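First the structure, in the form of structure tokens, and then the observations on it.
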Amino acid sequence: HRLSRPASLAVRRSARQPAGPPFGVHITPGATTAQATVQGPLDASTADRLAARLLSACGGGTVPLTVDLPQVPRLTSAAVRVLYRIKAQLNAHRQELTLRAAPGSPADAALTAAGLRPVRLSTDAGR
């Protein structure tokens with residue numbers, strides 16, 4: 001039997017699975033380096049927006065960039081590819097990319113596994 005129109009599937013979110021923070025990137029430009037604080041999931045659905053925001057923040061690679069990721073509950077291979085592209089763009093201009101993640105967080109684990117070596121944020125910050 002052939003379908004005459006596309007099938008529509010409904011997906012229900014489990015009540016036990018919290019939605020988490022929405023995706024967002026807050027940019028703080030600086031005199032010598034740009035700062036980006038990222039929140040929410042970093043996956044295929046957010047990778048293009050992440051790339052655009054980070055490239056804009058670092059002036060296409062001409063300004064060093066620090067990216068804070070402690071509020072990122074999921075960091076997939078799509079986001080890792082974006083971070084490698086940003087790093088390559090910065091390196092082409094002899095600039096640095098610094099990635100900061102909370103120790104043991106999903107972002108820390110994904111970045112470490114991908115060889116991006118994050119700076120681990122202190123868990124004692126503010127004490």
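The values are calculated or read from the model by the stated rules, or taken from the named source; none is laboratory data. Given the structure is predicted, the values throughout are model-derived calculations rather than measurements. For neighbour counting, all protein chains shown are included, and Cβ atoms are generated from backbone atoms with ideal geometry for every residue, glycine included. Note: accessible area is taken over every heavy atom of the protein model, side chains too, but ligands, DNA and RNA are not part of it. Shrake-Rupley method; radii C 1.70, N 1.55, O 1.52, S 1.80 Å.
The accessible surface of region 32-73, taken with every protein chain in place and a 1.4 Å probe, is 56 percent carbon and sulfur. With all protein chains kept in place, the per residue accessible area of region 45-127 amounts to 55 square angstrom at a probe of 1.4 angstrom. Ranking 67, 25, 119 by solvent-accessible area of protein heavy atoms (1.4 Å probe, all protein chains present), from largest to smallest, gives 119, 25, 67.
Roughly how many whole Å is it from the C-alpha centroid of region 60-124 to that of region 22-56? After rounding, the separation between the Cα centres reads 11 Å. As a calculated quantity, the FRET efficiency between residue 33 and residue 109 at R0 = 22 Å, using C-beta atoms, amounts to about 0.30.
Within 13 Å, Cβ to Cβ, of residue 88, how many net charges do the neighbouring residues add up to if Lys/Arg are +1 and Asp/Glu are -1? Once all neighbours under 13 Å are counted, the net charge is +3. Computed with every protein chain present, the accessible area of residue 26 is close to 120 Å² [probe 1.4 Å].
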